[in-house]
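Beneath this line is the structure, given in structure tokens, with notes to follow.
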């Protein structure tokens with residue numbers, strides 16, 4: 001059997017039969033259980049944060065996207081031993097691939113960077129600690 005062939009499986013979470021690619025681990029959950037677990041995980045990581053998180057995860061690279069408190073898009077990426085955090089301009093889409101073509105060459109969009117000992121396999125808590133610490137918060141003006 002080739003890795004791109006499908007094989008019959010039983011979901012380890014709900015017990016229902018389903019078909020999966022042979023390249024997936026034998027204990028992979030069905031699509032319904034996988035989606036439920038993802039939705040629960042994203043609800044946990046979003047809870048109590050002022051900024052939005054549209055996506056968080058992946059491996060090689062680990063990435064996160066969303067919007068800051070003042071509605072600017074951000075893009076976090078960890079790979080090859082480093083991580084970077086960029087914040088775009090108001091009105092730009094959250095999808096970093098749709099940012100203007102010169103965005104990747106603009107130093108002013110990089111708000112933080114550092115070493116990634118996981119080499120692109122960063123855990124959620126590590127990414128969230130960086131976002132919580134380094135995403136810019138609009139300054140408050142006290143009128144007097």
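Within 10 Å of each residue's Cβ, count the other Cβ atoms and sort 118, 19 from fewest upward.
So the residues, fewest neighbours to most, are 19, 118.
Determine the equivalent ellipsoid of the chain by diagonalising the alpha-carbon gyration tensor, then write out the semi-axes as square roots of 5 times the eigenvalues, largest first, rounded to whole Å.
Working: eigenvalues 249, 67, 39 Å².
Its equivalent ellipsoid spans semi-axes of 35, 18, 14 Å.
Give me the log10 of I(q) over I(0) for the range 50-134 at q = 0.17, 0.18 Å⁻¹, as the Debye formula computes it from C-alpha points; what are the numbers?
-0.63, -0.70
If you average the alpha carbon positions of the range 72-90 and of the range 6-35, how far apart do those two centres end up, in angstrom?
Measuring centre to centre over Cα atoms gives 33 Å.
Where Rh is the Kirkwood radius over the Cα pairs of the range 89-141, the temperature 4 °C and the viscosity 1.567 mPa s, what D in µm²/s does Stokes-Einstein return?
96 µm²/s
Each value in this text was obtained by applying a stated rule to the coordinates, not by laboratory testing. Just so we're clear, the structure is a prediction, and the values are computed from it rather than from any experiment. Reconstructed Cβ throughout: ideal geometry from the backbone, glycine too, with neighbour counts over all protein chains shown.
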